[in-house]
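Scroll down for the structure; my scribbles are underneath it.
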Amino acid sequence: MQEDALLVAKAIKNPNAYSEIVAKYEKPLLRYVLRISNVSREEAEDILQEVFLKAYQNLNDYDTSLKFSSWIYRITHNEVISKWRKRKARVESIGIDEADATHFFQSTFDIESEMDSKILAKEVNRILAKLPEKYREVLILRFIEDKDYETIGDILRKPAGSVATLIARGKKQLQEEIQKANLSKFLIHE
């Protein structure tokens with residue numbers, strides 16, 4: 001985006017202007033960290049602080065031929081992976097709230113209106129946690145974060161074709177888990 005390129009140029013000239021980048025990306029990146037990790041909000045905020053510090057330190061190295069959002073999401077992705085490796089913890093909860101769960105299922109599934117969204121959110125978290133990380137992350141980026149294939153490819157450093165394959169395989173495994181959980185009535189039958 002041209003707006004991001006202007007913010008970056010402004011922040012390089014005037015370090016105080018970096019706060020505009022932080023203000024723009026703080027909430028979406030915090031949600032992203034909470035969704036792909038098993039950390040508390042406080043830990044997610046610590047991760048985010050590291051992300052913004054690393055992004056600032058490397059702002060001069062930002063390749064303007066790429067989307068800034070992809071670049072900063074990639075830094076966030078790497079920081080979460082780094083924390084996972086340090087903690088060696090197994091992901092059990094993805095951090096999806098009721099609205100996200102509804103959005104996720106509406107992207108792929110037809111939800112009955114009387115379904116309690118809190119129960120649905122717990123089921124989405126449980127089912128997504130069972131998926132291999134490579135599938136869970138692409139599904140979250142595509143259906144929760146609403147990123148296109150190219151952006152997901154930039155974030156994960158994978159070709160768009162590989163992203164499409166991962167999404168297709170992830171959706172297949174997700175559907176299998178949904179069937180195992182007796183939630184198959186929510187599947188859209190095409």
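The values are calculated or read from the model by the stated rules, or taken from the named source; none is laboratory data. The model shown is predicted, which means the values in this text are computed figures rather than measured ones. Counting neighbours? That spans all protein chains shown, and the Cβs are built from the backbone with ideal geometry, glycine included.
How many residues does the stretch 132-152 contain that are within 16 Å of ALA168 (Cβ to Cβ) and either of a type in the set (Phe, Trp, Tyr) or surrounded by fewer than 21 Cβ atoms within 10 Å (Cβ to Cβ) (or both)?
6
Rundown of residues vs (1) farther than 20 Å from GLU137 by Cα; (2) more than 12 Å from the chain's Cα centre (by Cα), yes/no style:
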{"position": "ALA9", "(1), (2)": "yes, yes"}
{"position": "PRO15", "(1), (2)": "yes, yes"}
{"position": "ILE21", "(1), (2)": "yes, yes"}
{"position": "PRO28", "(1), (2)": "no, no"}
{"position": "ARG41", "(1), (2)": "no, yes"}
{"position": "ALA44", "(1), (2)": "no, yes"}
{"position": "LEU53", "(1), (2)": "yes, yes"}
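Listed here are the residues, each with its yes/no results for (1) at pLDDT 90 or above; (2) outside the structural domain of ILE167 (by TED's automatic domain parsing).
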{"residue": "ILE36", "(1), (2)": "no, yes"}
{"residue": "GLN57", "(1), (2)": "yes, yes"}
{"residue": "THR102", "(1), (2)": "no, no"}
{"residue": "ILE111", "(1), (2)": "no, no"}
{"residue": "ALA121", "(1), (2)": "no, no"}
{"residue": "LEU128", "(1), (2)": "no, no"}
{"residue": "GLU145", "(1), (2)": "no, no"}
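Quick one: is LEU29 of a type in the set (A, V, I, L, M), closer than 17 Å to ASP4 by Cα, buried (at least 19 other Cβ atoms within 10 Å of the Cβ) and at pLDDT 85 or above?
Here the answer is yes, as LEU29 does meet what is asked.
So, of the residues in the stretch 55-69 that are assigned to a helix (DSSP H, G or I) and within 16 Å of ASP154 (Cβ to Cβ), which turns out to be nearest to the chain's Cα centre (by Cα)? If you could, list the steps in order and put the result at the bottom.
Going residue by residue through the stretch 55-69, those that are assigned to a helix (DSSP H, G or I) are 55-57, 59-61, 68-69.
Checking which are within 16 Å of ASP154 (Cβ to Cβ) leaves us with 55, 61, 68-69.
Numbers: ALA55: 18, ASP61: 23, PHE68: 16, SER69: 12 Å.
My answer is SER69.
Of all residues in the stretch 38-48, which are at pLDDT below 90 and exposed (fewer than 15 other Cβ atoms within 10 Å of the Cβ)?
Of everything in the stretch 38-48, just one residue is at pLDDT below 90 and exposed (fewer than 15 other Cβ atoms within 10 Å of the Cβ), namely SER40.
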